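Undergrad: Encoded as structure tokens, here's the structure I'll be asking about.
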Amino acid sequence: MLQRNVWKGLWTFALFVALIGCAADSERSDEDAGSVTASETSAGMDRSEEIRAKTASLDAARIIAADGEPGNWLAHGRTYGEQRFSPLDAIDTENVADLELAWYADTDTTRGLEASPIIVDGVMFATGSWSLVYAYDAKTGEELWRYDPEVPREWGVNACCDVVNRGVAVWKGRVYVGTIDGRLVALDAGSGEVVWDVQTTPQDRPYTITGAPRVVKDLVIIGNGGAEYGVRGYITAYHAESGEQAWRFYTVPGNPELGFENPAMRKAAATWRGGEWWEVGGGGTVWDSMAYDPELDLLYIGTGNGSPWNRYIRSPGGGDNLYLSSILAINPDNGSLVWHYQTTPGDTWDYTATQHIMLLDLEINGQLREVLVQAPKNGFFYVIDRRTGEFISAEPYVQTTWASHVDPETGRPVETDGQYANEPKLVYPSPYGGHNWHPMAFNPNTGLVYVPVLDIPMVFGQPGQFAYDVRTWNTGINQTLMAPPDSLTGELEALGLVKGHLLAWDPVAQKRVWQVQHSGAWNGGLLSTAGGLVFQGRADGYISAFAADTGRELWESQTYAGIIAPPVSYEVDGEQYIAVMAGWGGAFALASGVPPQSGMIARHGRMLAYKLGGGQVLPAPSVATIDIPEPQRLEADAAQIERGKILFHAHCLACHGAGAVGSGVLPDLRYSNDAIHEVWDSIVLDGAFAVKGMVGFDGVITEDESEDIRQYVIKRAHDGVAIQALLGEA
Ligand code: CA
């Protein structure tokens, strides 16, 4: 049952992180707002020319023939099929225990790091918080250049899931990045200087970009996010050379009265019944995964949840709501839809199909099938024919209560009563998904797909009313139900339901082969290697190597920061490296209300690279635990606290965490001191901290409501102190 010592460690550590969190954030902005093109101190002219030359020949032919240069990692998932398998085998099950840090580089950021680096002939390209781009010498870690797109920090309020970025694309001497404020930027690979910069989203709508671009046939493909706030999803292709738009494909229909862009939208609109979804946008954003099959010449994309989440509001007459939560095959020449497969028809749980799409050739029933596989948020692992979109199989890879199974004849999920049409329901998986954006990996030698799994429930319920507000998550569900239970022991027990593990899955037999339970839920993406290893960073600030066939842990190293990003592997001068970004953040870290784990001490981000006998040691940060300071007197009555709780979970949850519990990224409001309480309204209403990303909510909430929220935060500070005492006695 309740493991008090574990939770005690968690909580005291949370308190510490929360406090340094406040301090670090108040120092941050000047440093981050640096020049557009960072110093040439390291790169210099010769080095820039050298990098330009190395990357100039990076094109489709090189990516397709990637196995011929195993020391490089040329595309997001290494290949167009996105298997995240490195053919390098110098580091193997026998010697991985000798893996040590080779170098590390500070990113000078304090928010989540989610990027998968690209490595071309000894040069590494990666992205960080606020869409910064870094070029490193992959052998030494020397920073060659840094590009800061200078995203206005106020735009951060539109980012549902932290100001993260999942990486660049490198192509013919250029580096391409999507920015959190909706731009696609082409940089000179040698110097980091801007070649072109296009706005890919309307600036009067709360769009963001966190996904990595892909380059297919000299077209840079980029999607966007924002379905929590209310947008209409689409992808756009730009000519790599000029930045000129080639085509755009919307994933959901707009207002039918205005006509349709193409036949696919006309067909889709017939599956949205009633309501005025276009007012909120409809959603279906393509915020992460893509894959490309050069032989079939098909681009695969995954689409997101509806906007709002709640189908009873979004499309009250029912219908599948195409093309939400779907895998779409697109003709990359003109952006037309070739086929679609919808994983969650009529989605109402935020069950996106934006998760990793991986292309595999599998022998199924004695026949070699060209398939794609996906473990979307909805909890089922799908195998789909990638030529035709034909459903082959799907089985649950995690606790799944919203549907009993996927009908083998129709390929449609069979819903249970986990729907919340009339009364609140506890549903597995949660909106964090059974699996989120954290990439999977495949090993052709074991035939297994490795999945970073989240095992978390959530209570869904109808809201009292729904009014669209562009500044707030527009889920259309009762977000107050995300708050922890009112009793302190209930709160601790609820935290115990939040779990995660590493899963090895047989995609042919559609069954679990092994799993490794982790102490936290929100762990890193994956890498598999020909050395028979699977690498994963964890929420508790470690990176580990596991045997690919058994899951036995063979190596681990402390990183002092929670890891969410996926590792990659590459080779320089005959030595194999494993690299990963360490930097805690992302949706779960902001909104879950789950305190950070005890191994997560550092809050600033780093790129870490390991090799056999690397010999370097990561400097350990000094550790202190700090309790929640003496809270203000609790003067509010129960009714005011309840009002504050509802308002908090409507407006503050996404950044400051359910139950006002911070998870070590943005300030934990329970630590607000008297000085903060004195200027509360100037922060909350007038935007005194807007330069740090905390915009004012004047016009959204009233002065009285701001005070209700303040009183709820004070109540939660008292709860936090009581939990400290409870755990202290245990
Ligand atoms: Ca979502």
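Undergrad: Relative to the Cα centre, what is the charge dipole magnitude of the chain, using +1 at the beta carbon of each Lys and Arg, -1 at the beta carbon of each Asp and Glu, and rounding to the nearest 20 debye?
TA: 1160 debye
Undergrad: If you don't mind, another one. Among the aspartates and glutamates, which have Cα under 16 Å from the Cα of K267 when same-chain residues fewer than 8 positions away are ignored?
TA: Straight-distance partners of K267: E257, D320.
Undergrad: Between E729 and Q367, what is the label-point separation in nm under the 7 Å Cα-to-beta-carbon projection?
TA: Modelled inter-label distance: 6.6 nm.
Undergrad: Evaluate E = 1/(1 + (r/R0)^6) for D218 and E257, where r is the Cβ-Cβ distance and R0 equals 35 Å; express this FRET efficiency to the nearest 0.05.
TA: Efficiency for this residue pair is about 0.40.
Undergrad: Now, a different point. Return the FRET efficiency for the residue pair E100, D67: r is the Cβ-Cβ distance, R0 is 30 Å, and the value is rounded to the nearest 0.05.
TA: 0.60
Undergrad: Shifting gears a bit: For q = 0.11, 0.15, 0.21 Å⁻¹, what log10 I(q)/I(0) does region 69-177 give under the Debye formula with an equal point scatterer on each alpha carbon and no solvent?
TA: -0.41, -0.74, -1.24
Undergrad: With every protein chain present, what is the per residue accessible area of region 401-533 (1.4 Å probe, Å²)? Please report the intermediate quantities before stating the final value.
TA: Values: 4830 Å² over 133 residues.
That works out to 36 Å² per residue.
Undergrad: Return the FRET efficiency for the residue pair Q465, E276: r is the Cβ-Cβ distance, R0 is 22 Å, and the value is rounded to the nearest 0.05. Intermediate results must be reported in sequence, preceding the final value.
TA: Numbers: r = 16 Å, r/R0 = 0.72.
Once the sixth-power term is evaluated, E becomes 0.90.
Undergrad: Counting only other residues whose beta carbon sits under 14 Å from that of A97, what net charge do I get with K and R as +1, D and E as -1? Could you put the intermediate results ahead of the total?
TA: On the way: positive: R552, K611; negative: D92, E94, D98, E100, E553, E556.
Once all neighbours under 14 Å are counted, the net charge is -4.
Undergrad: So what is the relative contact order for region 461-613, in percent, with contacts set as C-alpha pairs under 8 Å and at least six apart?
TA: Taking the mean separation of contacting Cα pairs over the length of region 461-613, I get 15 percent.
Undergrad: Going through region 579-686, which GluC sites (Glu not before Pro) have at most 14 other Cβ atoms within 10 Å and a DSSP loop state?
TA: The qualifying sites are E635.
Undergrad: Now for a separate question. State the three equivalent ellipsoid semi-axes of region 466-531, derived from the C-alpha gyration tensor as the square roots of 5 times its eigenvalues, in descending order and whole Å. Please report the intermediate quantities before stating the final value.
TA: On the way: eigenvalues 235, 81, 30 Å².
The three semi-axes for region 466-531 are 34, 20, 12 Å.
Undergrad: For region 424-504, what D do you get in µm² per second when you plug the Kirkwood radius from alpha-carbon pairs into Stokes-Einstein at 10 °C and 1.306 mPa s? Numbers along the way, then the final one.
TA: Working: Rh = 15.2 Å.
This corresponds to a translational diffusion coefficient of 105 µm²/s.
Undergrad: Another one. What translational diffusion coefficient, in µm²/s and rounded to a whole number, does the Stokes-Einstein relation yield for region 195-334 at 4 °C and a viscosity of 1.567 mPa s, taking the hydrodynamic radius as the Kirkwood radius over Cα pairs?
TA: The Stokes-Einstein estimate is 85 µm²/s.
Undergrad: Continuing with the same structure: How much net charge surrounds G525 when only other residues with a Cβ under 13 Å from its Cβ are counted (Lys, Arg +1; Asp, Glu -1)?
TA: +1
Undergrad: Same structure, new question: Would you mind working out the accessible area per residue for region 567-659, using a 1.4 Å probe, and quoting it in Å²?
TA: With all protein chains present, region 567-659 gives 36 Å² per residue.
Undergrad: Enumerate by residue number the chymotrypsin sites (Phe, Trp or Tyr not before Pro) in region 452-497 meeting two conditions: DSSP loop (anything except H, G, I, E, B), and at most 15 other Cβ atoms within 10 Å of the site's Cβ.
TA: Answer by residue number: there is no such site.
Undergrad: For region 570-667, taking Cα atoms only, what is the radius of gyration to one decimal and the Dmax to the nearest whole Å?
TA: In order Rg, Dmax, the Cα atoms of region 570-667 give 20.0, 68 Å.
Undergrad: Separate question: Using Cα pairs under 8 angstrom and six or more residues apart, how large is the relative contact order of the chain, in percent?
TA: Dividing the mean separation by the residue count of the chain yields 16 percent.
Undergrad: Between region 323-358 and region 66-95, how many Å separate their Cα centres?
TA: What the calculation gives is 27 Å, centre to centre.
Undergrad: Sort M482, M265 by accessible area with a 1.4 Å probe, largest first.
TA: In descending accessible area the options line up as M482, M265.
Undergrad: What does the accessible area of W339 come to, in Å² to the nearest 10, when a probe of 1.4 Å is used?
TA: So the heavy atoms of W339 present about 20 Å² to solvent.
Undergrad: State, in angstrom, two size descriptors of region 77-127 derived from its alpha carbons: Rg to one decimal place and Dmax to the nearest whole number.
TA: 14.0, 36
Undergrad: Which entries of K54/K692; K54/K377; K217/K611; K425/K645; K172/K377; K499/K611 have Cα-Cα distances beyond 27 Å here?
TA: Over 27 Å apart, Cα to Cα: K54/K692; K54/K377; K217/K611; K172/K377; K499/K611.
Undergrad: Same structure, new question: Stick to Cα atoms and the Kirkwood definition of Rh, then tell me Rg/Rh for region 58-100. List each step's numbers first, then the result.
TA: Values: Rg = 12.4 Å, Rh = 11.5 Å.
So for region 58-100, dividing Rg by the Kirkwood Rh gives 1.08.
Undergrad: What accessible surface, in Å², does a 1.4 Å probe find on V215, ignoring ligands, DNA and RNA and rounding to the nearest 10?
TA: We get 10 Å² for V215.
Undergrad: Please give me the summed charge of the neighbours of V516: other residues whose Cβ is under 14 Å from its Cβ, Lys and Arg +1, Asp and Glu -1.
TA: Result for the local shell: -1.
Undergrad: Normalise the Debye intensity by I(0) for region 586-730, one equal point scatterer per Cα, no solvent, then take log10 at q = 0.18, 0.20, 0.21 Å⁻¹ and round to two decimals.
TA: Those come out to -1.11, -1.33, -1.43, one per q.
Undergrad: In units of 2.2 N^0.38 Å, what is the alpha-carbon radius of gyration of the chain? If you can, show how the numbers build up before the last one.
TA: On the way: Rg = 24.0 Å, N = 730, 2.2 N^0.38 = 26.9 Å.
The value comes to 0.89.
Undergrad: If I take every Cα pair under 8 Å that is 6 or more residues apart in region 176-302, average their sequence separation and divide by the length, what percent do I get for the relative contact order?
TA: 20 percent
Undergrad: Could you state the accessible area per residue of region 144-230 in Å², with a 1.4 Å probe and every protein chain left in place?
TA: 22 Å²
Undergrad: What's the carbon and sulfur percent of the chain's accessible surface, probe 1.4 angstrom, rounded to a whole number?
TA: 49 percent
The values are calculated or read from the model by the stated rules, or taken from the named source; none is laboratory data. Predicted, not measured: the structure shown is a model, and the values here were computed from it. FYI the Cβ positions are ideal-geometry reconstructions off the backbone, even for glycines, and counts take in every protein chain you see. Quick note on the areas: whole protein, heavy atoms, side chains included, nothing else; ligands and nucleic acids left out. Shrake-Rupley method; radii C 1.70, N 1.55, O 1.52, S 1.80 Å.
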